[in-house]
Structure formats: structure tokens, C-alpha cells
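Since the structure comes first, as C-alpha cells, the remarks are kept for the end.
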Amino acid sequence: MKLNSKKSNFNIFLAHDHMRNKDDILRDIKSGVSGKILHLELDGWIDAPSKEIYKKTYNSSHGFYERYLKSLSKLELLLKEKKDSIVLIRGKSDFNNAKKNNKFSLILGNEGGKIVGENLENLEILYKRGLRHIQLNWAMKNFLSASQEEEGKYSDTGLSKIGEKLIFEMNSKGMIIDVSHSSPISIKNVLKITKKPIINSHSGSRVLSNKPQNLYDSQIKDLADNNGLLALHFCSRLVLGVNDKQSNIPDIIKHVEYIRNLAGIDILALGPDWILGDESRDKNYLINTNQQNITWTKDLEDSSKINNIIDPLEKAGFKSIEIEKLLGENFTRFINDVM
């Protein structure tokens with residue numbers, strides 16, 4: 001199929017992306033992306049030349065916090081340089097004004113949550129610097145909640161007491177709560193106590209792709225009842241449920257169709273999780289995590305190709321209003337509900 005990558009008239013927002021360098025964001029803008037949640041740092045295999053060294057540092061939140069501030073300082077220089085075209089979003093008025101004035105909305109996020117500190121001592125400082133999103137877990141359990149690795153185990157203890165406190169604080173501050181990578185019990189716990197919609201920022205259907213990061217039907221319905229969002233991952237193994245095979249756009253559309261039919265189009269958004277622009281990731285990251293063959297969906301490898309998804313959606317029978325919601329209007333509604 002010949003794809004039309006020409007810039008569209010749709011507002012396109014990305015719920016999960018790590019591409020944070022100047023060239024990355026300028027590419028986003030050129031391609032017609034209206035904004036994104038930028039996961040500036042990841043509680044993952046970063047600054048880790050070996051598994052042994054990494055294990056010694058993983059349980060400490062201080063190193064993650066220091067690295068986050070370092071990356072944030074660099075990002076702030078870019079925001080100052082590009083202040084006429086990029087807006088750091090601190091509230092929904094910033095978001096709506098940026099959208100109205102065709103400026104790029106940058107929502108500052110974090111994947112893994114350890115930067116807040118074990119007693120949330122860093123939260124206020126980070127909030128004042130612009131942090132508006134926290135994903136409770138990366139792939140491992142932490143002091144906030146159990147992760148996807150604990151699914152079905154006694155170790156799936158769900159949300160901790162300090163995790164509960166963080167949810168209350170984030171609700172009161174209008175921050176985005178992200179449960180991607182969290183365990184089933186953790187997600188259930190969050191949905192029980194949150195006063196606002198939440199997001200699973202890079203996921204899909206567990207029926208179509210049996211990977212722990214994806215959601216079961218019951219979880220998708222619970223998220224829809226919360227008026228939350230499920231943003232679709234573009235990583236091949238999560239789209240297909242198998243490793244070492246590249247997914248295609250029709251494979252993503254299967255997830256769109258399945259979830260729309262299950263819970264309605266209003267739950268869906270885009271969360272590509274492009275990670276290779278994260279320059280603080282150790283050069284051995286992919287090797288240490290057995291991901292050297294990781295791929296993203298063909299013809300959706302970065303934001304320059306984001307418009308490639310539109311024609312296949314139309315050919316699959318999606319109405320213009322459904323495509324509009326998937327690409328950005330659901331995200332817009334969510335931001336206004338939360339912030």
C-alpha cells in the first residue's frame with residue numbers, strides 16, 4: 001500500500017514519547033504533531049554498563065532525581081530558545097491557548113516515578129519546574145506500586161501507602177496519573193481512589209497481543225468507565241505479541257478496531273514510545289535488556305511518518321470524527337478533565 005505521509009489537518013498529540021532533543025521536537029512540529037507528553041527520563045537501564053552495577057543503584061531514587069534535573073535543565077534551554085513555538089504546559093489554559101495559536105504543547109513527564117523520592121520529598125520542586133505527569137512504574141516494582149512483572153504473584157501487592165499519597169497529591173495538583181507497566185492490582189487500586197481520569201500511555205489489547213504491558217478486556221472497560229485513555233504503543237513486539245518480527249500499520253489498526261468495539265472510540269489515543277532519542281540511555285541498554293532486535297511498526301518509526309496512519313484508518317472504514325478523536329481530540333478532552 002502506498003502511504004500518504006503528507007501533513008494532515010488533524011490535531012495530533014502523542015501520549016508517550018522519549019524523543020527530547022532539539023531535532024526530535026522540530027521534526028515533530030514539521031510533521032504536524034501538535035504536542036506530546038515527553039517522558040524526559042526513564043527508571044530503566046540507563047547509565048548502566050553492566051547488570052551488576054545497575055542492580056546496586058536501581059533501588060535508590062536519588063540518582064534518578066539528579067539525572068532528571070540535569071536533563072530538565074538542558075530542556076529548559078531549548079524551551080527558552082524556541083519560546084515562540086514551544087510551550088511548556090503547566091495547566092489546561094496553557095494547553096488550550098497553545099492549541100488555539102498553533103504552538104507545540106510540551107507536557108513534562110516521567111516514566112517510573114522514583115524521581116519523587118521515597119517520601120515524596122521532591123514532588124513540589126519538580127512540580128514547580130513543570131512536571132505534570134508521572135508513570136508509577138517502569139517494568140519493575142518500586143516503592144510506589146507493584147509492576148507488570150508481579151502479575152499473578154504474591155508480590156503483586158498493588159499500590160503502596162506512599163503510592164496512595166502520591167495519587168491524592170497528583171489529583172489535587174491536576175497532574176496526569178499513568179498506570180502503564182503497573183500490575184493489575186496496582187491499576188485496580190488507582191482506579192478505586194482517583195478522583196480524576198487516568199491514562200495507560202503505551203499499551204494495547206491483551207487479547208490481540210499477550211504481553212503483560214497490554215490490558216485485558218475488563219481493564220479496558222474499567223479505564224473507559226473512568227473516562228481515561230488507553231494510548232496505543234507502536235513497538236512491534238507489543239503490537240504483535242511476538243519478538244523478532246516487525247509489525248505493520250494494519251496490525252495497529254486491529255487494536256484500534258478491537259478496543260473501539262469493546263469500549264468505544266473515546267478511550268483511544270496514540271502512545272508510540274519512541275525511545276532511541278534518549279541520549280542518557282547507556283549504549284549497552286538494548287543488549288542488557290535483550291532488546292537489540294527491537295523494532296517499531298513499519299512506516300511509523302518516528303514522528304516524520306505519523307501521518308502514514310491516516311489513509312489506512314480511512315480505508316478500514318473509520319469515520320473522520322473517529323480518526324480525529326484517536327489522533328488528538330480524545331487527548332485534548334483528557335487534558336481538560338485532568339489539568
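Within 11 Å, Cβ to Cβ, of SER180, how many net charges do the neighbouring residues add up to if Lys/Arg are +1 and Asp/Glu are -1?
On the way: positive: none; negative: GLU111, ASP178, ASP273.
That sum, taken over residues with Cβ under 11 Å, equals -3.
List LYS195, LYS188 from most exposed to least, where exposure is judged by having the fewest other Cβ atoms within 10 Å.
Numbers: LYS195 9, LYS188 16.
The most exposed by this proxy come first: LYS195, LYS188.
Please report VAL190, VAL87 as a ranked list, fewest other C-beta atoms within 10 angstrom at the top and most at the bottom. Display every interim value, and only then the final one.
Numbers: VAL190 24, VAL87 21.
In increasing order of surrounding Cβ atoms, one gets VAL87, VAL190.
Over 16 Å, how big is the tail of the calculated P(r) for segment 296-339, in percent of all Cα pairs?
On the way: 470 of 946 pairs.
It works out to 50 percent of all Cα pairs.
For LYS153 and ASN210 in the same chain, what is the full-extension length gain: residue separation times 0.36 nm, less their Cα-Cα distance, in nm?
Numbers: separation 57, 0.36 × 57 = 20.52 nm, distance 1.73 nm.
The span from LYS153 to ASN210 would gain 18.8 nm if fully extended.
Return the Rg/Rh value of the chain, two decimal places, where both radii are evaluated on C-alpha atoms and Rh is the Kirkwood radius. Before the final figure, lay out the partial values.
Numbers: Rg = 18.4 Å, Rh = 19.8 Å.
In the chain, Rg relative to Rh is 0.93.
Just to confirm my numbers, what's the Cα centroid distance between segment 93-115 and segment 200-218 in Å?
Cα centres, segment 93-115 to segment 200-218: 25 Å.
How much length would be gained if the chain were fully extended between GLU81 and ASN171, taking 0.36 nm per residue of separation minus their Cα-Cα distance, in nm to one decimal?
On the way: separation 90, 0.36 × 90 = 32.40 nm, distance 3.17 nm.
Gain on extension, GLU81 to ASN171, equals 29.2 nm.
Go through 25-32, 109-116 and give me the packing order, highest mean Cβ count within 10 Å leading. Can you show the working numbers first?
Values: 25-32: 18.2, 109-116: 26.5.
Top of the packing list down: 109-116, 25-32.
Under 12 Å from the Cβ of ASN97, count the other residues' Cβ atoms, weight Lys and Arg +1, Asp and Glu -1, and hand me the total. Walk me through the intermediate numbers first.
Numbers: positive: ARG90, LYS92, LYS99, LYS100, LYS103; negative: ASP94.
So the surrounding residues net to +4.
Restricting to bridges with both residues inside the chain, how much of the DSSP beta-bridge set is antiparallel, in percent to the nearest 5? Show your work: numbers first, answer last.
Working: 4 of 31 bridges.
Given both bridge residues lie in the chain, the antiparallel proportion sits at roughly 15 percent.
Let me have the 222 nm mean residue ellipticity of the chain computed from DSSP H runs of 4+ only, each contributing -39500 (n - 2.57), with the sum over all residues rounded to the nearest 500.
-10500 deg cm²/dmol
For segment 70-208, take N as its residue count and report Rg(C-alpha) divided by 2.2 N^0.38 Å. Can you show the working numbers first?
Details: Rg = 16.1 Å, N = 139, 2.2 N^0.38 = 14.3 Å.
Dividing the Cα Rg of segment 70-208 by 2.2 N^0.38 Å gives 1.12.
Sort the following peptides by mean Cβ neighbour count (other Cβ atoms within 10 Å, averaged over residues), highest first: 178-185, 125-132. Mind showing how you got there, number by number?
Working: 178-185: 25.9, 125-132: 18.2.
In decreasing order of mean packing, 178-185, 125-132 become 178-185, 125-132.
With unit charges on the beta carbons (Lys and Arg positive, Asp and Glu negative) and the dipole taken about the Cα centre of the chain, which residue among LEU131, ILE267, ASN101 sits farthest to the positive side?
ASN101
About its Cα centre, how strong a charge dipole does segment 13-338 have in debye, to the nearest 20, once Lys and Arg get +1 and Asp and Glu get -1 at the Cβ? Could you put the intermediate results ahead of the total?
Values: 47 positive and 44 negative charges, 111 e Å.
Computed about the Cα centre, the dipole is about 540 debye.
Bear in mind these aren't lab numbers, they're just calculated from the coordinates by the rules spelled out. From a predicted model like this one, the values you see are computed outputs, not experimental measurements. Here Cβ is always computed from backbone atoms with ideal geometry, including for glycine, and neighbour counts include all displayed protein chains.
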